[in-house]
Amino acid sequence: MLELENLLNEQQLKGVYTTEGGVLVIAGAGSGKTRVLTYRIAHLIDDLQVSPFNILAITFTNKAANEMKERLANLCSRVNGLWVSTFHSFCARVLRQHIDRLGYSKDYSIYGELESQRVVKRILQNKHLEEKNLLNNCLWHISNAKNKGMNVEQYSKEISCNNADVILDVYAAYDDELKANNALDYDDLQLKTVQLFMQFPDVLEYYADRFTYIHVDEYQDTNKIQYILVKMLASVHGNVFAVGDEDQSIYAWRGADISNIFNFQKDFSNSVVIKLEQNYRSTGNILNVGNALISYNKNRYGKTLWTKEDLGENVTIRKLGTDIDEAEYVASIIAGEIEKGASPKDFAVLVRLNALTNKIEERLTSYGVPYKVFGGMKFFERKEIKDVLAYLRVLVNPHDNEAMLRIINTPKRGIGDSVISALVDAAAAYQKSISEVLFGNFLSIFSPQIVKKLRVFIDIYTDIFHNSLTMTLTELTKYIIERAGFQLLYSGTDDEDTNRRMNLEELVNAISEFEKTNQGAGISEFLQNVSLMTDSDDIQTDDFVSVATVHAVKGLEFKTVFIIGLEENVFPAGALYKSEYEIEEERRVMYVAITRARVKLYMTCVWERFRFGKREQNRESRFLSEIKQKLLGTAEPKQTAKKVTYPKTTATNTNQVVPNDTKYVAQYTQNTQKTVSIRLGQKVKHKKFGIGTVISLSGDIATIAFEVVGIKKLSLSIAPIEPID
């Protein structure tokens, strides 16, 4: 018998011991849901003598499944026959046994995203439809249809968009080709299992009868096809134990349906709902901030996380001048704590969009702090960045064949594999670099058709080369982006194009900053600087700062968390264009970010951020305002076109936070020979411009946000400025 009374709290015990019918455990962040799920299975096996053969546990990641298997192996006296798997691996296992019923052989292939993309691309080419947006739209709709459990005919009744007929036609051709290849894509694993169960009731009956007890983790993240699968598998015994948290449902963009968790009691008879609200992760102050924020959401069961631990340190909300100041602020705190003995792995810097990581990466590198980027590749390793840098690499080293091969048809300009193969063969035959073949006297060896295609690239590269002789590095990079065709390539309005466009703009910003701080440096120096930054990828230890999108760290926790970029249209992303339903999901993303922190939480926003090629001033995120309104009774005042009001930097549940170290303080001598000190965040008065707040300091130059006239950069030794607080 398991001695659980000393291991679990009252609500957790209720979840373990309620074994029959539908059981929905609403498990708040850090409330021990995995512990409840594993002890429940152990209770069934060792206390109630249920055979492991009759138990199924479904998780969302292979990592979670493997961790659960390890825990159960240590807890249970027997585990042989127990199925613990993801939805997709469960379906693959079923199909390996029975897919011949659907006309496939059991040695079918599974296509990943790249293979699926190639198939759809080939279909579009055969139909003489080669638009990039159409390719992406077809891939999205095919996946969307399959995740909703719909074949072509069923999806035709739902789809409503431009090119619907083309998309449906491609969907049908895509399925035909996969079938001919005896292949399934990732989404097919679930769809074909549902089709198998529907068409062959005896197969469904076997599995539904076998699994007396079904457990589903992260139920709030299930999509329509997964919901259908659970209902089917529970059709005989009806014993479904689902664990989830509607406040952490953040995957609607990939098909997750939050209504599944709200409809649980209707879907499963005699069901009960158990709430886990005691938190074992975070301090009281962090939980207070999370509770305050999520209380603004209307679509939730409603719960309040609490802890027996102390309130802990105050949560800091910090408003800085620019995104550069923000990065310096975060990196300097982390570096300072590491110098005092903290481990890099104790820290996480979380962003809503991965385009925001560049400046953080730069500052952490400058401090020598090891880090890794999650939820997206490191900034200088993203495809669009490496593509542009490859143009610069060839300018420095024309014999760099890898860089030349990367750019010759990037963006695509009709130079296909056969042309590239001929070029590579010629270079090998004449023992020349590809550049020498292209720009030497070798073009005559190729057919006129090949030469015509190569001329397109030769003209582009020649223009770039000549401009490189007179342009600054920043000007040259902008010219490459435009002349090579990247600007047009990423001109779409979807999330992918927007992110890539922002990344290219951030590259230009990074190069501009490099030129400012490295007078006289050229392309070679910049590329060397980039190489030194990306060397941190080779860190051989797990002791690194995590720089990540919030989605990438769901389920993880860190001693200290920084959430940056908390401005409207940044976090929440695209706030101007979102419905209230979508804003609630953004709020849940913020809630997930907050509840990753155990001991310390910092939240930052800036007056001015460089985005879309210009300095942009956005209001502070509504999420910060909501937290302050709920906990302090204050929020950022409304702004008008005539007058911009900048509130003081505020810290939740504490006094104003302004660093006192010299990095944030400047001393200057006025014309009166009086020496004055001024610090970042300080209120000042100017004889002409009035009252303002210091938002950036660089040597003798202060950037000040004035209440009436906006932001000005002024020389401290000349301008009539006086500190007033």
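All of the numbers you see were taken from the coordinates with simple rules; none came from a lab. Keep in mind it's a predicted model, so treat the numbers as computed, not measured. Note: ideal-geometry Cβ built from the backbone for every residue, glycine included; neighbour counts use all protein chains shown.
In debye, nearest 20: dipole of the chain around its Cα centre with unit charges on the Cβ of K, R (+) and D, E (-)?
The calculation lands at about 1620 debye.
About the Cα centre, and with charges only on the beta carbon of Lys, Arg (+1) and Asp, Glu (-1), how big is the dipole of the range 342-389? Nearest 20 debye, please.
Working: 9 positive and 6 negative charges, 17 e Å.
Approximately 80 debye in magnitude.
What list of ³J(HN,Hα) couplings, whole Hz, do you get for the range 80-93 from phi and the Karplus terms 6.51, -1.76, 1.60, once you set θ to phi - 60° and write x for glycine and proline?
The phi angles translate into 4, x, 6, 9, 10, 7, 7, 4, 5, 6, 4, 5, 4, 5 Hz.
Cα convex hull of the range 57-143: how many Å³ per residue?
On the way: hull volume 11.2 nm³, N = 87.
About 129 Å³ per residue, rounded to a whole number.
I'd like the FRET efficiency for Lys372 and Leu576, computed as 1/(1 + (r/R0)^6) with the beta carbon distance as r and R0 of 41 Å, rounded to 0.05. List each step's numbers first, then the result.
Details: r = 33 Å, r/R0 = 0.80.
The computed FRET efficiency comes out at 0.80.
Find the Cα radius of gyration of the range 1-152, compare it with 2.2 N^0.38 Å by division, and give the number to two decimals.
Numbers: Rg = 21.4 Å, N = 152, 2.2 N^0.38 = 14.8 Å.
Normalised by 2.2 N^0.38 Å, the Cα Rg of the range 1-152 equals 1.44.
Loop by DSSP (not H, G, I, E, B), at most 13 other beta-carbon atoms within 10 Å: where is the longest site-free stretch of the chain for GluC sites (Glu not before Pro)? It would help to have the intermediate numbers written out before the result.
Numbers: sites that count: Glu3, Glu5, Glu20, Glu130, Glu131, Glu158.
Looking at the chain, 159-725 is the longest stretch - no exposed GluC sites (Glu not before Pro) with at most 13 other Cβ atoms within 10 Å.
About the Cα centre, and with charges only on the beta carbon of Lys, Arg (+1) and Asp, Glu (-1), how big is the dipole of the range 163-263? Nearest 20 debye, please. Before the final figure, lay out each step's value.
Details: 6 positive and 18 negative charges, 64 e Å.
Result for the range 163-263 is approximately 300 debye, rounded to the nearest 20.
Give me, ordered by chain and number, the residues 5 or more places off Leu320 or on other chains with an amide H under 5 Å from its own placed amide H.
Cys605, Val606, Trp607
Just to be sure I follow: if Rg is taken over the C-alpha atoms of the range 221-369 and Rh is the Kirkwood radius over the same atoms, what is Rg/Rh? If you can, show how the numbers build up before the last one.
Working: Rg = 20.9 Å, Rh = 19.3 Å.
Dividing the radius of gyration by the Kirkwood radius yields 1.08.
Please compute the length gained on full extension between Asp459 and Lys308, using 0.36 nm multiplied by the number of residues separating them and subtracting their Cα-Cα distance.
Once the chain is fully extended between Asp459 and Lys308, it gains 47.4 nm.
Filter the trypsin sites (Lys or Arg not before Pro) in the range 117-166 down to the DSSP loop ones having no more than 15 other Cβ atoms within 10 Å, then list what survives.
Working: sites: Arg118, Lys121, Arg122, Lys127, Lys132, Lys146, Lys148, Lys157; in loops: Lys127, Lys148, Lys157.
Sparse-neighbourhood loop trypsin sites (Lys or Arg not before Pro): Lys127, Lys157.
Enumerate the calculated ³J(HN,Hα) couplings along the range 506-514 in order (Karplus 6.51 cos²θ - 1.76 cosθ + 1.60, θ = phi - 60°), each rounded to whole Hz, writing x wherever the residue is Gly or Pro.
5, 4, 4, 4, 5, 5, 4, 5, 4
Taking the alpha-carbon distance from Lys157 and a cut-off under 16 Å, which lysines remain once sequence neighbours fewer than 8 residues away in the same chain are dropped?
Lys146, Lys148
Using modelled backbone amide H atoms (1.01 Å from N, in-plane), which distant-in-sequence or interchain residues come within less than 5 Å of Ile110's amide H?
Distant-sequence amide H within range of Ile110: Leu184.
Dipole of the chain (Lys/Arg Cβ +1, Asp/Glu Cβ -1, origin at the Cα centre): which of Ala426, Leu229, Thr316 lies farthest to the positive side?
Thr316
Whose amide H sits under 5 Å from the amide H of Val545, counting only residues 5 or more places off or on another chain, with H placed in the peptide plane?
Those qualifying (amide H under 5 Å, at least 5 residues apart or on another chain) are Tyr371, Lys372.
In the range 307-355, which trypsin sites (Lys or Arg not before Pro) are in a loop and have at most 11 other Cβ atoms within 10 Å, using DSSP for the loop call?
On the way: sites: Lys308, Arg318, Lys319, Lys340, Lys345, Arg352; in loops: Lys308, Lys340, Arg352.
Sites meeting the loop and neighbour criteria: Lys308, Lys340.
Which translational diffusion coefficient, to the nearest whole µm²/s, is obtained for the chain from the Stokes-Einstein equation, given a Kirkwood hydrodynamic radius over C-alpha pairs, 25 °C and 0.890 mPa s? Each step should come with its number before you reach the end.
Numbers: Rh = 29.2 Å.
D = 84 µm²/s.
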